[in-house]
Amino acid sequence: MVKYKRRRIDYFFEIIIILSVLGFVGFRSIKPFFLELTYFNKAERVEASLVEIRIALEKYYQLTGSYPELNKEGAANDLALLDYTDRDGKKISFAEIYGKNILDFTEKTDSLAESNKVIDSNNFNKIDGSGGWIYDFSNQSGEIHPNLPTNVYFQNINWSKQ
């Protein structure tokens, strides 16, 4: 009788160990898939933000004849600083056109923090990859790109060309 109980306990521990090992191996094999999906979603969100910003910039330009100074100190976190009053006294708000009070952040990774900092530059091939946005305000082209290194989200995206 004692031998029988001992054998049942041994089988129980063996099953627990086997299930633990299988669970660990299963998790390790599925983890890369979830990471890839996570990075795919981050790249998708940055691309969607880029489209929204570009549309808002063009609408603002059509109404005012110039692009907003997104690189102005504090403007990325308070888009109301970019409000414009035309000759007739009508207020044109970039925040209202954009539909948000804060400029979207570029998504973070293990090595890169999220950022909505805007750098004024017309050389989009010299991206420093620190996150945020590169925007050509000085030349009034309105061109904007994410300030992200190529392949940051493992999607082979060259952000200076987006």
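The values are calculated or read from the model by the stated rules, or taken from the named source; none is laboratory data. Please read all numbers here as calculations on a predicted model, not as lab measurements. FYI the Cβ positions are ideal-geometry reconstructions off the backbone, even for glycines, and counts take in every protein chain you see. Accessible surface areas use protein heavy atoms only, side chains included; no ligands, DNA or RNA. Shrake-Rupley method; radii C 1.70, N 1.55, O 1.52, S 1.80 Å.
When you scan the range 84-91, do you find a residue that is surrounded by 14 or more Cβ atoms within 10 Å (Cβ to Cβ), at pLDDT 90 or above and either within 19 Å of K161 (Cβ to Cβ) or not hydroxyl-bearing (S, T, Y) (or both), even just one?
No; the residues of the range 84-91 include none that is surrounded by 14 or more Cβ atoms within 10 Å (Cβ to Cβ), at pLDDT 90 or above and either within 19 Å of K161 (Cβ to Cβ) or not hydroxyl-bearing (S, T, Y) (or both).
Apart from one condition, S160 fits all of (1) assigned to a loop (DSSP other than H, G, I, E, B); (2) at pLDDT below 80; the exception is (1). Only one entry in F137, F124 is surrounded by 13 or more Cβ atoms within 10 Å (Cβ to Cβ), more than 16 Å from the chain's Cα centre (by Cα) and without any contact (Cβ under 8 Å) to a residue 60 or more places away in the chain, namely F124. Quick test for you: out of E69, E52, pick the one residue that is charged (D, E, K, R), surrounded by 13 or more Cβ atoms within 10 Å (Cβ to Cβ) and closer than 21 Å to Y39 by Cα. Going through E69, E52 in turn, just one is charged (D, E, K, R), surrounded by 13 or more Cβ atoms within 10 Å (Cβ to Cβ) and closer than 21 Å to Y39 by Cα: E52. Looking only at the range 88-110, decide whether some residue is touching a Ser or Thr at 6+ places or on another chain (Cβ under 8 Å) and assigned to a helix (DSSP H, G or I). No, there is no match, as no residue in the range 88-110 is touching a Ser or Thr at 6+ places or on another chain (Cβ under 8 Å) and assigned to a helix (DSSP H, G or I). Those residues that are within 18 Å of T150 (Cα to Cα), out of contact with any Pro (no Cβ under 8 Å at 6 or more places or on another chain) and either open to solvent by less than 90 Å² (accessible area, probe 1.4 Å) or at pLDDT 90 or above (or both), I need them from the range 100-111; list them, please. Selection gives F105, E107, T109.
Remark: pairs (first residue in the range 89-112, within 13 Å of K42 (Cα to Cα) and among the basic types (K, R); second residue open to solvent by less than 40 Å² (accessible area, probe 1.4 Å) and not in a helix (DSSP H, G or I); Cβ separation under 9 Å; 6+ apart in sequence or on different chains) = K108/S115; K108/G131.
Being part of a loop (DSSP other than H, G, I, E, B), of a type in the set (F, W, Y) and over 18 Å from Y39 (Cβ atoms) holds for only one residue in F124, F154, and it is F124.
So, in the range 48-87, how many residues would count as being among the polar types (S, T, N, Q), in a helix (DSSP H, G or I) and under 19 Å from N139 (Cβ atoms)?
2
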